[in-house]
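Just below is one structure, and these are the notes that go with it.
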Amino acid sequence: MTTGPIGGLLRSGMVFTIEPALTVPEEQIYIRMEDLIIITAAGKEIVSDFVPMEIDAIEKLMMEVGMLQKYPKEAGGASR
């Protein structure tokens, strides 16, 4: 077991999310970054570790073709 920052015990199987957010309504900006952390017998697993968190990496990802461009609405298909 690992001792948490406030003295409690962290046990294998516990799951936490850390979700900082930034909202600027007048500019229609909403950013939320979420980390999913699982406590394991060996320590921790950060499930969202592959998600870019640095500004340059996020901007690069935003420039890539998105799902709606990769898979455009098919004729007669469900609308998105």
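Restricting to segment 7-43, count the residues that are assigned to a strand (DSSP E or B) and in contact (Cβ under 8 Å) with a residue 24 or more places away in the chain. Break it down into steps so the answer makes sense when it comes.
Taking segment 7-43 first, the residues assigned to a strand (DSSP E or B) are 9-10, 15-18, 21-24, 29-32, 35-40, 43.
Now restrict to residues that are in contact (Cβ under 8 Å) with a residue 24 or more places away in the chain: 10, 15, 38-40, 43.
Final tally of qualifying residues: 6.
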* To do: Mind listing whichever residues of segment 35-64 are within 21 Å of ARG11 (Cα to Cα) and open to solvent by less than 80 Å² (accessible area, probe 1.4 Å)?
  => ASP35, LEU36, ILE37, ILE38, ILE39, THR40, GLY43, ILE46, VAL47, SER48
* **Residue match in segment 2-9 (condition: modelled with pLDDT of 85 or more and open to solvent by less than 70 Å² (accessible area, probe 1.4 Å))** => no
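The values are calculated or read from the model by the stated rules, or taken from the named source; none is laboratory data. Since this is a predicted model, take the numbers as computed values, not measurements. Quick reminder, even Gly has a Cβ in these numbers, built from the backbone with ideal geometry, and neighbours come from all protein chains shown. For accessibility, only protein heavy atoms count, side chains too; no ligands or nucleic acids. Shrake-Rupley method; radii C 1.70, N 1.55, O 1.52, S 1.80 Å.
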